[in-house]
Structures are given as C-alpha cells and as structure tokens.
Amino acid sequence: MKLEPIVVSLLDTDLYKFNMDQVIFHKHTDLCGQYYFKCRNKDVVFTPEMAQEIKEQVDHLCTLTFKKEELDYLRSIRFIKDDYVEFLRLWHPIRDYVSIELKDDGELCVIVDGPLFSAMQFEIYLLEIINEVYFRMKYNYDKLRKSAEEKLDKKIKAMNDGTYMFRFAEFGCRRRLSREWEDEAVRRLVNETTNCIGTSNVYLAMKYNVTPIGTYAHEFVQMYQGIDSIPLAYTNYYAMKDWYNEYEGDNGTALTDTVTTDLFLLDFNRSMVNNYTGVRHDSGDPYEWGEKIITHYKHYGVDPRTKLLLFSDSLDFDKAQRLYDYFRDKTKVSFGIGTFVSNDTCEEALNIVIKLQYVNGRPVAKLSDTPSKAMCRDEEYLEYLKRSVDFRLNREKCKK
C-alpha cells in the first residue's frame, strides 16, 4: 500500500519548534542532540511494510525546502526575526540525521542525531508520518475518518449550544489521524465555532488566517542539562532567562514541569512573574497545580486574574470544561487540545513521543509532575538529576 506524501510543507509543524530553534540559532549553535522515539501504548506492532513506508516518507520530507510565501509568513509573526528566517531559507531536513529500524517483535526504533538546531525540527514531522502510516495501513481509513467526523459534529454542536464555553487552541499535529483530517478539523472549528482561537500548526494557521500558538517545550529546558557550566537544578532559570532575552517579554508562556513545578517556582521570581504572561500545565493534578500557581502569584502581589493558566495535558472537552468552570473566576484560562481534536476515532489513539535524550553526549531527562511520564535512557543519570532537584528544594526550605 503506497501512500501519498504526508508532509508537503515544512510549515506543517508546531510553532514552538521555530520559537525554540530561533533561541538555539542565536545562542547555542554548538549543541548537538539525540532524540529517541517511544510508543507508550502496549502491544503496538509495526509491520515491515509500515517501516518501509515510513522510511520513504522521511526520504520525501528531506527533499522539501521553505517556499517564499512560507518564509514571508514566518517573517510576519511579530517575534520571528529576519536573520532566523534567512537561515531557514537555506535550511532543509538532512536524511543522514535520521535512522529507522524495525525490531523482530515489531518495535519501531527511530533516532535523530545531529546539530540541535536541525535535529529538533524532525520531531513533529516524524510523529506526523509515523502516526498516519500506522492508522492508514492498519485500519480501514474511511471508517476511522467517518467516526472522527461524527465525533467532531457532536463537539461543534456542544460548543454552539453552550455546553462547552471555554476557548482553546488546536494542538493536534503530532498524533493526528492524517494531514487531511487535521486540516478539515481546524477548518470547521475556526469557521463553525467561536471557541477555537488558533492552532499550533503553522501551515494551518497561515491557511485559515488564525493565530499560530505555542511557546516552548520540555526539550528547551532539558537542553540546558547538557551545558557544562549550568548546574542541573538551575536549568529553568537559564532557560527562562535566555527566552526573555530573546523575546523581551513577548511570546511569554512558561512551561513549569520539566524538572518539577516545585523547582520551577524557585526560579519563577518576581521578575519572571512579571515578565511572563502565564504558565502552561502538562502533568500532575491540574487543580492542585492551578491553585499552587495562583498562590505563587499572590505571594508576589500579582492579581492572578491578569495572568494565564494554559492547560494542555491529555485534555478532552469535558475535562477542559470542568477546569474552566473551576478556574474561570480566579484567573485567565485557556486550553491546548490535541489528540481529542485530530485523532478522536473509533480506535484508540497512539501515545507516541520523540524525546531529547542526549545533548553533546550527556544524558538529559524530563522529570515531570507525573513520574510515569519521565523518560531517560540513563537510569543512573535520572537518579542523579532527582537528587540534584531534591537537594536544592530541601536547601531552599531550610532557608525559609
């Protein structure tokens, strides 16, 4: 079964890939990174035919370059700088950086290894390819598409009758059923509701004239673990400092949980609280997290109603509405909803990730507020990172 090209534009990715890459381009071009693929679902088997199709799709991906109109669109985003856009004029994905193998038991092994400013760009493209190949070759795609349409119809009806009152951005690139279905879902949500305020997909934001949304991901904080001069328990501080220096307060939603939210809050001081427009939740109990953040804002004399809480952890629409009802009078609230927009069908979605695991040969890790979401190929390093975090947290408590 031969598929049409899945990625046909290099804008078909999440905005935060460009945001993070711009900082790396300006400040950390000496860093190299290794990314590893993982499927968190149990008993998922990729066939040799799937693996071959994935390889051919990646071959095609690496023939793409940015078109003039795409570069012009990036330049129109207020915080994307001209020198970075000129770099992208020359840049393209390099096939030698990606290795794809299939184990005898059907486990798919994908590694991206190269300069960090280039290697990091592969993540979303590869996830889009892997997910679409899997669902098109394993199932009856027309049946999946029909079930997705039926579910989207119900969601749109619920938005229009007031059942769902919150506003959200579509965050579905990485685990979408297909390119054409994400396109259709975003088109309908933008045109048939007032709830969808934008999308993380830069190509679809350009196509439908909506706001591209995104700041930074866990990998951005993780990469500072690979810089010799930075103590492990201070990576949030240096990441936020570089981000603020690059964007000068624009593009300012901070991700809290890379090395636990408790540690993040030690560096989210008065200056950072004022510099950032809000924070994003991606693990742990969202209600406990939200109350903790609100308390932190109040500690610095900041009215939480002037700041944004962005929830993005495995949200469906009912969960988002409950969070909205709880926090709406306490703070600004928004949501990033991915899989339950772009791959909500009659079959279980894949929970697939590609995570940064090494920087300049050193292991890096995400601790998260949900221990099961931690991912590190070096258990000894993971334990060392945990001890470093605990040491600083305990030392700060003693000071108080």
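The values are calculated or read from the model by the stated rules, or taken from the named source; none is laboratory data. Computed from a predicted structure; not experimentally measured. All Cβ positions, even for glycine, are placed from backbone atoms using ideal geometry, and neighbour counts span all protein chains on display. We work out accessible area using only protein heavy atoms, side chains counted, and drop any ligands, DNA or RNA first. Shrake-Rupley method; radii C 1.70, N 1.55, O 1.52, S 1.80 Å.
Hey, among the residues in the stretch 353-370 that are touching a helix residue (DSSP H, G or I) at 6+ places or on another chain (Cβ under 6 Å) and in a strand (DSSP E or B), which one's surrounded by the fewest Cβ atoms within 10 Å (Cβ to Cβ)? Checked the stretch 353-370; the qualifying residue surrounded by the fewest Cβ atoms within 10 Å (Cβ to Cβ) is 362.
Answer with yes or no whether residue 275 is in contact with a Gly (Cβ under 6 Å, 6 or more places away or on another chain), touching a residue at least 24 places away in the same chain (Cβ under 8 Å) and either open to solvent by less than 20 Å² (accessible area, probe 1.4 Å) or more than 30 Å from residue 4 (Cβ to Cβ) (or both). Taking the combined requirement at face value, the residue satisfies it. Note on the stretch 148-240: enclosed helices (runs of 4 or more DSSP H) holding 1 or more residues that are in contact with a Cys (Cβ under 8 Å, 6 or more places away or on another chain) are 179-192. Based on what the data block shows, is residue 124 assigned to a loop (DSSP other than H, G, I, E, B), under 21 Å from the mean Cα position of the chain (by Cα) and farther than 13 Å from residue 50 by Cα? In short, no. Against the list (1) in a helix (DSSP H, G or I); (2) open to solvent by 30 Å² or more (accessible area, probe 1.4 Å); (3) acidic (Asp, Glu), the condition residue 132 fails is (2). Residues of the stretch 103-118 that are buried (at least 19 other Cβ atoms within 10 Å of the Cβ) and farther than 17 Å from residue 31 by Cα: 108, 110. Screening residue 46 with (1) in contact with a Phe, Trp or Tyr (Cβ under 8 Å, 6 or more places away or on another chain); (2) surrounded by fewer than 15 Cβ atoms within 10 Å (Cβ to Cβ) gives one miss only, at (2). Exactly one residue among 235, 339, 253, 258 is within 19 Å of the chain's Cα centre (by Cα), among the polar types (S, T, N, Q), crowded, with 19+ Cβ neighbours inside 10 Å and over 26 Å from residue 80 (Cβ atoms), and that residue is 339. Criterion first (without any contact (Cβ under 8 Å) to a residue 24 or more places away in the chain, closer than 26 Å to residue 325 by Cβ and over 18 Å from the mean Cα position of the chain (by Cα)) does residue 291 satisfy it? So residue 291 fits the description; yes.
Here 85, 44 are screened, and the one residue that is part of a helix (DSSP H, G or I) and either of a type outside the set (Lys, Arg) or under 23 Å from the mean Cα position of the chain (by Cα) (or both) is 85.
Only residues that are within 19 Å of residue 343 (Cα to Cα) and at pLDDT 95 or above were counted in the stretch 314-333, giving 6.
In this structure, does residue 57 turn out to be part of a helix (DSSP H, G or I), among the polar types (S, T, N, Q) and in contact with a Pro (Cβ under 8 Å, 6 or more places away or on another chain)? Yes: the conditions hold for residue 57. Which one is farthest from residue 119 (Cα to Cα), of the residues in the stretch 1-25 that are acidic (Asp, Glu) and not in a loop (DSSP other than H, G, I, E, B)? So the residue we want is 14. Quick check, is residue 99 over 30 Å from residue 377 (Cβ atoms), open to solvent by 10 Å² or more (accessible area, probe 1.4 Å) and of a type outside the set (Asp, Glu)? Here the answer is no, as residue 99 does not meet what is asked.
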